[in-house]
1. Taking the condition out of contact with any Ser or Thr (no Cβ under 6 Å at 6 or more places or on another chain), of a type in the set (Lys, Arg) and within 20 Å of Ala179 (Cα to Cα), does Arg93 pass?
2. What number of residues within the stretch 47-68 satisfy the criterion of being surrounded by 20 or more Cβ atoms within 10 Å (Cβ to Cβ) and in contact (Cβ under 8 Å) with a residue 60 or more places away in the chain?
3. With the requirement that a residue be in contact with a Phe, Trp or Tyr (Cβ under 7 Å, 6 or more places away or on another chain), assigned to a helix (DSSP H, G or I) and open to solvent by 30 Å² or more (accessible area, probe 1.4 Å), what does the stretch 364-406 give you?
4. Go through the residues of the stretch 253-262 one by one and say whether even a single one is more than 15 Å from Ala369 (Cβ to Cβ), part of a loop (DSSP other than H, G, I, E, B) and not aliphatic (A, V, I, L, M).
5. Do we have Val186 as surrounded by 14 or more Cβ atoms within 10 Å (Cβ to Cβ) and in contact (Cβ under 8 Å) with a residue 40 or more places away in the chain here?
6. Looking only at the stretch 210-221, count every residue that is closer than 22 Å to Arg174 by Cα and open to solvent by less than 50 Å² (accessible area, probe 1.4 Å) and tell me the total.
7. Regarding the stretch 89-107, can at least one residue be identified that is assigned to a helix (DSSP H, G or I), open to solvent by less than 10 Å² (accessible area, probe 1.4 Å), among the β-branched types (Val, Ile, Thr) and under 21 Å from Ala144 (Cβ atoms)?
8. Taking the criterion of being open to solvent by less than 70 Å² (accessible area, probe 1.4 Å) and not in a loop (DSSP other than H, G, I, E, B), would at least one residue in the stretch 237-244 satisfy it?
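The values are calculated or read from the model by the stated rules, or taken from the named source; none is laboratory data. The shown structure was predicted, so the numbers you read here are calculated from the model rather than taken from an experiment. All Cβ positions, glycine included, derive from the backbone under ideal geometry; neighbour counts span all protein chains shown. These area figures cover heavy atoms from the full protein model, side chains too; ligands, DNA and RNA do not enter into them. Shrake-Rupley method; radii C 1.70, N 1.55, O 1.52, S 1.80 Å.
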Amino acid sequence: MNIMENLTSWDLLEHAYGTASDIPPLLDRIAGAKGAKQRKALEELCARVLHQGSVYSASAPVARALIEMLDTAGGDERAALYGVLSAFAEAARESSCCEASAADVRAIREEILAGGSRFEQELAATDETIRFHVANLVIAFPEAGARAERLAREGYAVEPEAEVRHALLLGLLRVPEPAADWPRFVASALVRETAPENRFLLRFAEICAERERASEEAVGELVSTFVAGSGSFEYMSTTEDSDTARFLSAAGLLGKSRETETIGRALSISTNQMLSLLLAERLLRVVFDDQRTGWGQQSYRLMNADGVQLPARGMIWTLLRLLGTLLLWRLFPSMRKRGFEPGDRGGMRCIEYEGVAGPPPPELPEKLAPAQKRALETIAAHEPLWRIRTNLWKLFGLPESSGELR
């Protein structure tokens, strides 16, 4: 395969390290390689055109070339190609808010959408890994269309593997205006679905449709399945396509009283420090009607018992482990079941909110409202929160120990 026949202006394009003139030989290596040699070449390619999740002018032409390779690749090699294409789709979704790369993101989306008919053929592939990545690609973006929605529903109904069904459900949740029978599809799926992570998505869809009319059963399972899945590390992300964003969005549709109750219930059963802090932050913002912005900007450090910062390599190692884990998840979806919990190397996490801005912080009332009292009682009683050093309490004028807060 001669990639230069498909595009002759690589020297006018760029990747993470400069001009893309070195891409055609790399693509030719990938097209002719198998096994470990192909994986190594794909890693080199991703380092250039998907560096740390960023996209470049050379990214979309590379995606097009990889799609063309699918027609001649063997089973294992095709699965690896699909894994990288899934990473392209994920990068295009997460980078869509960056103006600097907007044109490159649009170009990637166009290539993935153009390959839709090619992907659809493999929804019933015998290889689970291929089906998983194809499920990620069929409705990678909201504009995939009614045909993609129908095929994803049909694929979900017969798919034996929970992880593939999960990817199909994620795609269906991206459809901006699903078909009129969507509530019936969700209700039918809830009867058959057994995987907790998939039931979370279905309960989310149910609450989005029912809003304040949502049943206690639906809300209770939304809470339990969300917290149960918090070992996957995705909970740290609050992007629109994350479980955390879905949980908080669904809670917000229940009305303020049920929203605070739902977030408080999740906090009370969480054993994960990072998730607990995120839920405590949102709970305080809701019960005190905080209008400040910039809550997502935080700094992370590790401290010893005397308050001395531990060497930076601890956090660097954690980040490297995370990046490696995410890459493995993309290529080998079955590894997602193992989860990821960053180690603290014996230190205490110190998390500071640095970007909070806007109106003055809300003043604590002399007499707390019942919802405020319940929220503070839940926070004071939740032990994982008090193993973190944070300025969150100070930002709300609260005591910085559980005992004083009680």
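1. No, not satisfied.
2. Number of matching residues: 1.
3. Leu395, Ser402
4. Yes: the stretch 253-262 contains one or more residues that are more than 15 Å from Ala369 (Cβ to Cβ), part of a loop (DSSP other than H, G, I, E, B) and not aliphatic (A, V, I, L, M).
5. Criteria not met by Val186.
6. Looking only at that region, the number is 4.
7. yes
8. yes
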